[in-house]
Amino acid sequence: MKRKSSRLGLWLAIAGSLLLAISVSRGADRKIAFIAGKPSHGPGEHEHRAGCLLLKECIEKAPGVQLAMLYVNGWPTAPGALDGYDTIVIYSDGGGGHPALEDDHLKQLGALMNKGVGLVCIHYAVEPTLEKGQKEFLDWIGGAFEVNWSVNPHWHADFKTLPKHPVTRGVQPFSIEDEWYFNMRFREGMKGVTPVLTAIPPESTMSRADGAHEGNPAVREMVKRGDPQHVAWAYERPNGGAGVWFYRRPFSSQLGQ
């Protein structure tokens, strides 16, 4: 059967990542907290609330999930609001506007990660800053978008094969055009990292000037060589914490805020 462009594949993989992130937690009552960032783009783009709402609805139907709570417009303000959750999902802006980088939020996350809580960062939320957050993100999710190294073009990615992994259960190879980040910064030697979606970016992805997100000499050379690029991955921490991975933007443009 000929493979078709499929956003269903995206959602199955995202849902699989959330289930993976809680799969190693102890006890039957598993809980997920969604942190939806503040609106920052036009309608149909980066709709944090809509994307989290759809994922929340999907996950709540899964066996073993007792509660999925949604926090809208950034970090929950109540003290200890994230205590007791097995997985934290962040879909928000990144860089200096990343909610995890504000105030003492990295410290709060660190305490949760040390307890084995899972962390899922969706799309732009995978980008901390070099000065703050990158070391932690590499430790917690195995990789991150790094400015002046990683790039964010729109391109048609063709995922011809998928690894055998809990994240990919029920997902078939697919292809789709979207804003696929690549040339990500991973942990040294990819230790603990399992690539989930890998494709070869076309030369058209480098048809723009160099910039913090747009391009650089190193990535241009990689594209010219035809190097495969990992755009989604799973990560399991060496301390026995929850499996964690990043996925790119959900198709919340079809949902509305």
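The values are calculated or read from the model by the stated rules, or taken from the named source; none is laboratory data. Everything numeric here is computed off the predicted structure, so don't read it as measured data. Glycine also receives a Cβ, built like all others from the backbone with ideal geometry; neighbour counts cover every protein chain displayed. For the accessible areas, the whole protein counts, side chains as well, though only heavy atoms, and no ligand, DNA or RNA atoms are used. Shrake-Rupley method; radii C 1.70, N 1.55, O 1.52, S 1.80 Å.
Some notes on this structure:
- Residue 194 meets each of the listed conditions (1) under 21 Å from the mean Cα position of the chain (by Cα); (2) at pLDDT 95 or above; (3) open to solvent by 40 Å² or more (accessible area, probe 1.4 Å) apart from (2).
- The set of residues in segment 187-225 that are farther than 18 Å from residue 126 by Cβ and in contact with a Ser or Thr (Cβ under 7 Å, 6 or more places away or on another chain) contains only 223.
- Candidates 126, 120, 167 - the one that is more than 19 Å from residue 97 (Cβ to Cβ) and of a type outside the set (Ser, Thr, Tyr): 167
- Among the residues examined, residue 7 qualifies as open to solvent by 60 Å² or more (accessible area, probe 1.4 Å), of a type in the set (Lys, Arg), closer than 22 Å to residue 170 by Cβ and at pLDDT below 85.
- Lone qualifier among 93, 83 - being of a type in the set (Asp, Glu), in a loop (DSSP other than H, G, I, E, B) and more than 17 Å from the chain's Cα centre (by Cα): 83
- Qualifying residue in segment 44-56 (condition: at pLDDT 70 or above, within 18 Å of residue 117 (Cα to Cα) and assigned to a helix (DSSP H, G or I)): yes
- Condition check for residue 119: surrounded by 15 or more Cβ atoms within 10 Å (Cβ to Cβ) and either free of Cβ contacts under 8 Å to residues at least 60 places away in the same chain or over 19 Å from residue 138 (Cβ atoms) (or both): no
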